[in-house]
1. Which one of these is surrounded by 14 or more Cβ atoms within 10 Å (Cβ to Cβ), in the same structural domain as residue 507 (by the TED database) and under 25 Å from the mean Cα position of the chain (by Cα): 386, 397?
2. Does residue 536 satisfy the criteria of being in contact (Cβ under 8 Å) with a residue 40 or more places away in the chain and within 16 Å of ligand 1 (Cβ to nearest atom)?
3. In segment 400-425, how many residues are farther than 11 Å from residue 484 by Cβ, crowded, with 23+ Cβ neighbours inside 10 Å and within 20 Å of the chain's Cα centre (by Cα)?
4. Keeping to segment 454-504, report how many residues are in contact with a helix residue (DSSP H, G or I) (Cβ under 9 Å, 6 or more places away or on another chain) and more than 16 Å from residue 268 (Cβ to Cβ).
5. Tell me, which residue of segment 1-10 that is buried (at least 24 other Cβ atoms within 10 Å of the Cβ) and within 17 Å of residue 127 (Cβ to Cβ) is nearest to ligand 1 (Cβ to nearest atom)?
6. Within segment 6-65, work out how many residues are without any contact (Cβ under 8 Å) to a residue 24 or more places away in the chain and either within 16 Å of ligand 2 (Cβ to nearest atom) or on the phi > 0 side of the Ramachandran plot (or both).
7. Identify all residues within segment 338-363 that are in contact with a helix residue (DSSP H, G or I) (Cβ under 6 Å, 6 or more places away or on another chain) and within 25 Å of residue 165 (Cα to Cα); write none if there are none.
8. Report whether or not residue 519 is within 16 Å of ligand 1 (Cβ to nearest atom) and touching a helix residue (DSSP H, G or I) at 6+ places or on another chain (Cβ under 6 Å).
Ligand code: SF4
Ligand code: SF3
């Protein structure tokens with residue numbers, strides 16, 4: 001196996017990347033190898049889909065399926081070799097279907113040409129030559145690094161594309177862009193400038209995808225409004241819903257009405273409490289637990305059924321909760337029940353057999369719901385406070401959480417931000433500081449929870465509004481982004497910000513291991529990117545600029 005896609009990857013003086021029997025995330029070599037072959041097959045599928053498009057053949061089923069299958073290879077999503085094998089076989093079927101429709105003598109690229117054997121073990125044997133770092137011995141290491149930047153960025157974009165699709169948001173133009181880039185990456189490009197340009201293209205495409213997702217969420221569930229969420233248990237039987245997929249949460253809320261079951265959010269599902277069409281259900285009683293890395297003990301202590309709608313999933317066996325855990329869509333763990341379709345009765349039946357919480361705990365509350373609409377409604381008042389000198393700086397402190405001790409930086413940074421600055425936050429990293437009391441500036445809360453990682457889109461809208469209001473470039477605003485990355489969704493958001501011309505971003509806890517010194521230096525130079533140091537030193541540097 002060779003996998004280097006997340007922040008948790010093995011990165012020592014002698015070894016870079018997970019390459020033993022298991023990755024740090026618990027992904028086995030078998031799954032990793034099958035995922036490499038699946039990704040290669042998806043390159044071929046995209047080449048064929050793009051060729052078919054040129055001949056006027058648009059296969060909607062394949063277009064919708066391909067990003068979904070790619071999403072299954074994102075960190076902490078799918079650990080089941082059988083399911084990855086099935087996806088690879090499905091990709092092969094789709095490849096044949098497209099080939100049979102293409103007219104003329106076409107010379108296919110290698111990925112489109114390759115026909116995979118219908119045997120998991122034989123597939124695994126192909127992995128070393130198809131792995132994401134294929135050709136590494138003949139190539140400049142910066143080229144491999146740029147290819148990985150594109151591949152992981154595109155994987156993040158594919159994940160958001162799938163989240164948008166679930167909410168009925170699709171776009172043929174985006175599908176074509178996706179296929180073209182995926183096909184091109186499968187051709188093993190070697191031109192650094194072209195690779196860099198494509199990385200920016202992926203970032204721009206993702207901006208459109210995040211807009212689609214924002215549309216899907218707000219059209220389906222209304223605009224988030226500031227809402228108070230209890231983060232302590234309430235007496236009664238219970239279901240915990242984690243991941244990013246609001247559609248699943250809605251289905252669970254509908255189907256648990258009248259059963260007496262209380263529904264809780266976990267991890268990236270916390271912002272759901274702000275959507276009118278979700279918080280109208282009184283049995284959506286609160287949020288339980290925090291970010292994904294604490295899952296094994298938090299899920300073990302949760303006395304009900306648990307649904308994992310998307311990333312991030314951990315091994316349920318140490319906490320012995322596999323029997324009351326259910327996965328959805330692209331998420332899987334061997335032996336864990338998987339819900340197909342929208343019938344959640346197995347989850348409900350399981351919750352009814354379990355004890356639930358025996359008593360109410362004293363409430364502790366958080367406020368969420370500063371999405372695009374709320375931010376833009378508040379924008380004139382915010383601008384007024386800036387002109388009056390009451391708000392001097394804006395920070396976006398957000399991104400993924402993770403295990404590493406250095407991540408305490410984000411808590412310490414947020415708490416050290418001067419009182420005359422507003423802090424926007426998003427994604428699961430906010431659990432590090434969202435219980436802290438930040439107070440307000442003339443009635444505007446100093447901590448604004450913008451939502452999930454994809455809601456970076458909302459924060460960008462506020463920044464764009466402010467730059468218009470103050471008639472300046474986004475980089476001239478007193479705004480600093482302090483981001484934490486863990487997986488590939490964060491990589492694509494970073495590419496989106498770069499592509500939109502946002503400079504001076506602070507990122508941590510460490511530089512991605514797949515980035516060579518050369519690639520990192522070039523990003524630092526082009527985008528004035530900073531790696532985090534200490535909160536005090538970084539704050540001094542930010543205010544001195
Ligand atoms: Fe290693 Fe991360 Fe890949 Fe898991 S996803 S195998 S931890 S690099
Ligand atoms: Fe968190 Fe996985 Fe990235 Fe959506 S849930 S931000 S790490």
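1. Only one candidate qualifies: 397.
2. Against the criterion (in contact (Cβ under 8 Å) with a residue 40 or more places away in the chain and within 16 Å of ligand 1 (Cβ to nearest atom)), residue 536 does not qualify.
3. Result for segment 400-425: 1.
4. Number satisfying all stated conditions: 33.
5. 3
6. 3
7. Answer for segment 338-363, where residues must be in contact with a helix residue (DSSP H, G or I) (Cβ under 6 Å, 6 or more places away or on another chain) and within 25 Å of residue 165 (Cα to Cα): 342, 344.
8. no
The values are calculated or read from the model by the stated rules, or taken from the named source; none is laboratory data. The structure displayed is predicted, hence computed values, not measured ones. Cβ: placed from backbone, ideal geometry, glycine included. Neighbour counts: every protein chain shown.
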